[in-house]
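Structure first, then comments.
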Amino acid sequence: AQTGGQLDILVNNAFQDPAQKDAKSDELLSKGAKFYELPLQIWDDVHRVGLRSHYVSSYYAAPLLLSATSSEWRPLLCVTSAPAAVTYYYATAYGVAKAASDRLVRDLQVELGPQGIDCVSLWPGVVYTEFVQSLYEKGDTDRINRVTGGRDPNVVCESPLLTGRVVARLADDLAARKTALSTGGLTSRVCVVAEAARDLGLRDGGATGSVAQRLYGPDREPAASIRSLGYLLPAFLPDKLPPQLRWLVEPGGPLASKDVRVPFDLMAQDPRTEDPRNQDLKDFAKV
């Protein structure tokens, strides 16, 4: 009633982290338990409070979004997904849910696109959420490393605010929706938040004295996309180089470019041969 039966933007962002739900699941996931060693509830958690929630919310929002379409305006429907849609991360059930979320967006675009609605799958990077912040304040290094891959959160994390700014720009600028999306195939409706923010000239954090600065840190350029050389080289190569050459691939180094991005197809060619927490992701250097 407040909006006249119309809705301009829908952002589906529901998620249930199994590790935070009970201590046993947290312990098993921390040790890299295989899918058959985990309770079946893990699957239900990430698919009911996540994938199904996205579907249900979109179902009920569709008539309101359709009512908002016009010759000058295309409503925006977003679903929060993750790079786990194409490469292993965290647990099998998690990756399947993210891949299904991306497929949901592509199919919604087929049905809603011709009716004037644009559907986008959002891929945030390593997000400095309130939960991660609490771990940082407690000095819980082990859990922080599970989230950041052992990297400094102040270097690799982006704030939740960055996703909001990207969505706001996409909602306001129809042309930006085309430039912010990846091209081709299974990732054709994906918007990588860090890349879109960088390409659209958006920044993270906030100006001195602002609420954004107090909650999400100082004004800064977006962290490197996790498929960019700015993220990958500092993660995997410094310890393989002579000390006098490591500066080349460290954050800000000339080879660690945030603008050079590995194709999604390469991300899907996961080279690991054992549990990722045992292998510590080092085999990605071979790719």
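The values are calculated or read from the model by the stated rules, or taken from the named source; none is laboratory data. Quick caveat, the model's predicted, so the values are computed rather than measured. Using ideal geometry, Cβ is built from the backbone for each residue, glycine included, and neighbour counts are taken over all protein chains shown. Areas reflect the complete protein model, heavy atoms only, side chains present, ligands, DNA and RNA absent. Shrake-Rupley method; radii C 1.70, N 1.55, O 1.52, S 1.80 Å.
Just to verify a result, which residue in the range 1-32, among those that are more than 23 Å from the chain's Cα centre (by Cα) and of a type in the set (A, V, I, L, M), is modelled with the lowest pLDDT?
Top of the filtered list is Ala1.
Could you check the range 102-129 and list, in sequence order, the residues that are assigned to a loop (DSSP other than H, G, I, E, B) and modelled with pLDDT of 85 or more? Can you show your working first?
Start the filter on the range 102-129 by keeping residues that are assigned to a loop (DSSP other than H, G, I, E, B), which leaves 116-117, 124-125, 128-129.
Across the range 102-129, the qualifying residues are Gly116, Ile117, Pro124, Gly125, Tyr128.
Output the residues belonging to the range 158-177 that are under 16 Å from the mean Cα position of the chain (by Cα) and open to solvent by less than 10 Å² (accessible area, probe 1.4 Å). Walk me through how you get there before you give the answer.
So the first thing to find is which residues in the range 158-177 are under 16 Å from the mean Cα position of the chain (by Cα), and the list is 158-167.
Residues satisfying the conditions are Glu158, Ser159, Leu162, Val166.
Report yes if some residue within the range 130-142 is part of a helix (DSSP H, G or I), open to solvent by less than 20 Å² (accessible area, probe 1.4 Å) and touching a residue at least 12 places away in the same chain (Cβ under 8 Å); otherwise report no.
Quick first cut of the range 130-142, residues part of a helix (DSSP H, G or I) only: 130-138, 141-142.
Now drop any that are not open to solvent by less than 20 Å² (accessible area, probe 1.4 Å), which leaves 132, 135.
Then keep just the ones that are touching a residue at least 12 places away in the same chain (Cβ under 8 Å); that gives 132, 135.
For the range 130-142, residues part of a helix (DSSP H, G or I), open to solvent by less than 20 Å² (accessible area, probe 1.4 Å) and touching a residue at least 12 places away in the same chain (Cβ under 8 Å): present.
How many of the residues making up the range 157-189 are under 22 Å from Thr69 (Cα atoms), assigned to a loop (DSSP other than H, G, I, E, B) and not aliphatic (A, V, I, L, M)?
2
Go through (1) at pLDDT 90 or above; (2) on the phi > 0 side of the Ramachandran plot and name the single condition Tyr90 misses.
(1)
Against the conditions (1) among the aliphatic types (A, V, I, L, M); (2) open to solvent by 50 Å² or more (accessible area, probe 1.4 Å); (3) within 23 Å of Pro124 (Cβ to Cβ); (4) at pLDDT below 90, where does Ala180 fall short? Just the number, please.
For Ala180, the failing item is (2).
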